[in-house]
Amino acid sequence: MRVAGAVHRTLISNDLFSLFPLTRWSLVISAKDRGAAGAVEALEELARAYWKPVYAFLRGKGHTHEEAQDETQGFFAQLLRRDFLRDLQPEGGRFRNFLLVSLRHRLIDEHRRASNVKRRAEISLEPWHEMEAINGISAAGAATPEEAFDRSWAEGLVARAMAALQVRWGKRAALFAELRYTVESPGNVAKYSDIAARLGMTEGAVAKAAHEFRQQFGQQIRQEVRDTVAEEDDVEEELRYLVTLLRS
């Protein structure tokens, strides 16, 4: 994917923040032993943001759209039950790993799977009729269900970062529409002079805005990753893996 090169360049150009706040996933983990307030809500936010990889994994396993839909709903219903913290076993401090391991455990437990397959999750997910248009959705080209899971995870993370940036650039929507392709398709981007002519700007102003855009995108990607790891040391490794997935 062409986006990988731009992602990589923007990531390595931004220094780590000096402070590592209690993120959504670290909040969930801390609640297991300290009863942190807001942990359930934090997990629900993560589930809303990262349920698509679960669906992609199940499609990669050969489930039909309807089967994967039901199983995804059942999985999150199980995950979000009131006593989930009692059994919480974070895998390497990363929500991505925890989610995949939990899903594998659920699929192994055939009895639980059969009894919960029609149970609906306690969170509001995106309309299911949109799912088939999202990337095929077994993550086209993935060699394994695990690869489909990880690719969907990476693509969703980048999409959320871009959506957050779009909000930030709300008053400069036309410029945002032009500059987003400097990240999403850097090999097929219009010259700054062409963008300047279309928007009535100087070429220098476009170049400056493009630099600002890439910096902000890199920062937003880092924040998205931070929300899914428990330790600052995990951020860089997750970012490197993200770039690897987007390049494949």
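The values are calculated or read from the model by the stated rules, or taken from the named source; none is laboratory data. Values in this document were obtained by computation on a predicted structure and should not be read as measured data. We place every Cβ from the backbone using ideal geometry, glycine too, and count neighbours over all the protein chains shown. The accessibility values were calculated without ligands, DNA or RNA, using every heavy atom of the protein model including side chains. Shrake-Rupley method; radii C 1.70, N 1.55, O 1.52, S 1.80 Å.
For A174 and R247, the FRET efficiency from 1/(1 + (r/R0)^6), where r spans their Cβ atoms and R0 equals 22 Å, is about 0.15. Anisotropy class assigned to region 207-248 is oblate, per the alpha carbon gyration tensor with a/c at or over the 1.5 cut-off and a/b no larger than b/c. Placing I29, I108 in order of accessible area, with the largest value first and a 1.4 Å probe, yields I108, I29. Here the calculated FRET efficiency for D233 and A143, from their Cβ-Cβ distance with R0 = 25 Å, stands at 0.30, rounded to the nearest 0.05.
Taking all protein chains together, M162, M201 sort by accessible area into M201, M162, largest first [probe 1.4 Å]. Pop the C-beta distance of R86 and A197 into the FRET formula with R0 = 45 Å and round what comes out to the nearest 0.05. That gives a FRET efficiency of 0.15. Per-residue surface analysis assigns S248 an accessible area of about 70 Å², computed on protein heavy atoms at 1.4 Å probe radius. Solvent exposure of E236, expressed as accessible area, is near 60 Å², computed with a probe of 1.4 Å over the protein chains only.
When the residues R86, R222, R48 are ordered by accessible surface, computed with a 1.4 Å probe over the protein chains alone, the sequence from largest down reads R86, R48, R222. Karplus-based coupling profile of region 48-63, in residue order and whole Hz: 4, 7, 10, 7, 4, x, 5, 4, 4, 4, 5, 5, x, 7, x, 6, with θ = phi - 60° in 6.51 cos²θ - 1.76 cosθ + 1.60 and x standing for Gly or Pro.
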